[in-house]
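In what follows, a structure is listed as structure tokens, so that the remarks can point back to it.
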Amino acid sequence: MVERDAGSRFLRPSNLGAPEAATAALRRRVRRLRAVVDASLLVNSDLDLARIAEHIVAIAVRLIGAERGSLFLLEPDGKTLVSLVAQGLDGERLTVRVGEGIVGTVASRGRALFVHDPYSDRRFDSGVDRTTGFRTRSLLTVPVRDREGSLVAVLQLLNKRRGTFSRDDVTFLADLGAPFALALATARLHLEIVARERLQKEMKLAADIQRTLQPGDLSGVPGLDISAIFQPCLEVGGDYYDCIPTDRGTWWLVVADVSGKGVASAIIASNVQAYLWSRRNDARGLELVVSEGNDLLHHLAQGRKYATLVLVEWDPASRQMRWVNAGHPPPMVQRKGNVQRLEATGPPMGLLPDMRYSSQECVLRAGDALVLYTDGVSEAGEGSAAEEFGLDRVERLVQNLSPGEDASRALAAAVADHLGAAQASDDITILSLRALGASQGGAA
């Protein structure tokens, strides 16, 4: 559809009635059809959208006989158009808001527009002419649509050399714009595929790095037999576990869970890890370590991320175990068939500044077991037909552990059986340990 507006008019074709005129019109039509075919072939052989746009504008300018041409691409926000090609501007890009100016008017109304006297049209911006020294005498501006009929671009030609722009020119530009719309869709799909592949590679690399940051050998902690399970529900997880030696001959055992999932949570988890390793030789007590870690996390994340954490200090010589529980699901201690829950001794880290934490301690005798886990275990199945796994199930499993049984694998298997075919919706991390006797390498 063509819009007639102020300063514009339609040109009726001359009724020449001569065979030569008919032959010339037919040849012109054939040239234009070939141009559309050539543009379509280019689309199938080139993914460079700018190069395709330049080719299409050049064809339009040459075959319609215009002096210059431009192609404005509609931005994803649907509110602005940016020139992908603007002949005569030496690479300078123009930005137009939808609904403003002649290009913006065509974008908003979706109809082709002739303007035969631009300087009398208030929508015309003569600033480009003043800058370049060019004189715009006439304009043909047409919308470019995709297969679904949605606007994707606006094509504009300036100053037809012979006569004035016609309805045949509008039809030709619509035909010529179709390959560009296809090229645009193809280019965007290609970029999406490339971006997705790049993201997959980066996520795989992040997952590999995260695995290398986990303790590789859990057999080096004196007096304890330790096992661990780490199952992120995405490529990388916000859970974290560790075994950290101190210069006092003790070991820090850690399980933490950063709020949320994925990359952002994994970054915070790596910061928590770095902080704890930097403080491993601080003899002022676990309470202060966690308190200062809380303030640091709150400063870094501004309360938008927090972490629950259990920090245990194990002394092989005395078999003493001291711990701080920062809002984490309670670890379970099994002693001769009885289970004790190690409840929270303070709030999660990072929610509020200036939080204080207390610690507790106990002695682990040979055969005693400690199981630490994240809420991906206790809350597995929440909101599904399977229902929440729950703390009571964790406690019963820990209570029924047989001597020498790997608690991490037993608990992970129980959660998987509970979920059935359902997918875990959160990271699952389990760190379990059993105190060894003197004959097994434990302290006397």
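Summary table below
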quantity	calculated
Potential extension, Ile209-Arg304 segment - 0.36 nm per residue separation minus Cα distance	31.8 nm
Inter-site label distance for Tyr119 and Glu148 at 7 Å from Cα along Cβ, in nm	4.4
Label corresponding to Rg and Dmax of the Cα atoms in Å when calculated from the structure given, among (i) 26.1, 93; (ii) 27.1, 87; (iii) 35.4, 115	(iii)
Two-site FRET efficiency, Ser108 against Asp129, from Cβ-Cβ distance with R₀ of 22 Å, rounded to 0.05	0.40
Net lengthening on full extension, Asp175/Glu92 (0.36 nm per residue, minus Cα-Cα)	27.2 nm
Cross-link reach list, lysines versus Lys160, counting only Cα pairs under 23 Å and skipping chain neighbours closer than eight places	none
Of Asp426, Asp90, Asp217, the one that fluctuates the most in a GNM where the chain has Cα springs shorter than 10 Å	Asp90
Paramagnetic reach from Gln360 (point 7 Å along Cα→Cβ, amide N under 19 Å) across segment 250-266	253-256
MRE, 222 nm, helices only [DSSP H, n ≥ 4, -39500 (n - 2.57), over the chain, to nearest 500]	-12000 deg cm²/dmol
Entries in Lys204/Lys305; Lys204/Lys261; Lys79/Lys305 that, when Cα-Cα distance is taken, lie over 26 Å	Lys79/Lys305
Gain upon complete extension [Ser278, Ala421; 0.36 nm per residue less C-alpha separation]	47.3 nm
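Readers should treat all values here as calculations from the given coordinates under stated rules, not as data from a laboratory. The shown structure was predicted, so the numbers you read here are calculated from the model rather than taken from an experiment. Positions of Cβ are backbone-derived with ideal geometry, glycine not excepted, and every protein chain shown enters the neighbour counts.
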